[in-house]
Amino acid sequence: MKNILVTLIALKQYIKQYHWQAKSYQEHILADKLEEGLEDYIDETAELSVVVEQTDEHLQAGKLLAEAASILPEGADSTLRQIALLLVALNDNLKELKPKSGEMGVEDLFSRLSNSILRKIYLIHLQEH
């Protein structure tokens, strides 16, 4: 779950960057839509990770931020394209992490988060075409 949390934190920062660099009203609104609900998913993921892992040692802000910074994509792609890549990677991570039997809260979170990711990828696709 820590990888999911780190990716969500990285994604939030990348969306903020896109928001700050928006050159049109349409880009600004898209950034708002992409960021929508993200803070709640970060919070819920962190809280559930404490329950699942039975520790909160992995929730040190400095370490989480450093790990999030280390996974931010670099390259010539546009910021929006890099956001899409992070969303796809996050969705792939959700598919790989199968909640154990009895972890209904985790299963519910993953399902809702996956649906949100797919909607955000769709919005990016609309913007790019």
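Magnitude of the charge dipole for the chain, about its Cα centre and with charges confined to Cβ atoms of Lys, Arg (+1) and Asp, Glu (-1), is about 400 debye. With protein chains left intact and a 1.4 Å probe, residues in the chain average 60 Å² of accessible area per residue. Computed over protein heavy atoms with a 1.4 Å probe, the carbon and sulfur contribution to the accessible area of the chain reaches 52%.
Once the chain from Ala22 to Leu126 is taken as fully extended at 0.36 nm per residue, the excess over their C-alpha distance is 35.8 nm. Roughly what % of Cα-Cα distances in region 42-95 sit above 18 Å, to the whole percent? More than 18 Å apart: 48 percent of the Cα pairs in region 42-95.
The Rg/Rh ratio of the chain, with Rg taken over Cα atoms and Rh as the Kirkwood radius over Cα pairs, comes to 0.98. Cross-link check: pairs Lys63/Lys98; Lys63/Lys95; Lys12/Lys63; Lys33/Lys95; Lys2/Lys98; Lys95/Lys120 evaluated at a Cα-Cα cut-off of 19 Å; pairs beyond the cut-off: Lys63/Lys98; Lys63/Lys95; Lys33/Lys95. Taking all protein chains together, Met1, Met104 sort by accessible area into Met104, Met1, largest first [probe 1.4 Å]. The packing ranking of peptides 35-42, 82-89, highest mean first, is 82-89, 35-42, where packing means the average number of other beta carbon atoms within 10 angstrom of each residue. Mean residue ellipticity at 222 nm, helices only, the chain: -26000 deg cm²/dmol; runs of at least 4 DSSP H residues each add -39,500 (n - 2.57), and the sum is divided by the number of residues.
The values are calculated or read from the model by the stated rules, or taken from the named source; none is laboratory data. All values derive from a computational prediction rather than experimental measurement. All Cβ positions, even for glycine, are placed from backbone atoms using ideal geometry, and neighbour counts span all protein chains on display. SASA here: full protein model, heavy atoms, side chains in, ligands and nucleic acids out. Shrake-Rupley method; radii C 1.70, N 1.55, O 1.52, S 1.80 Å.
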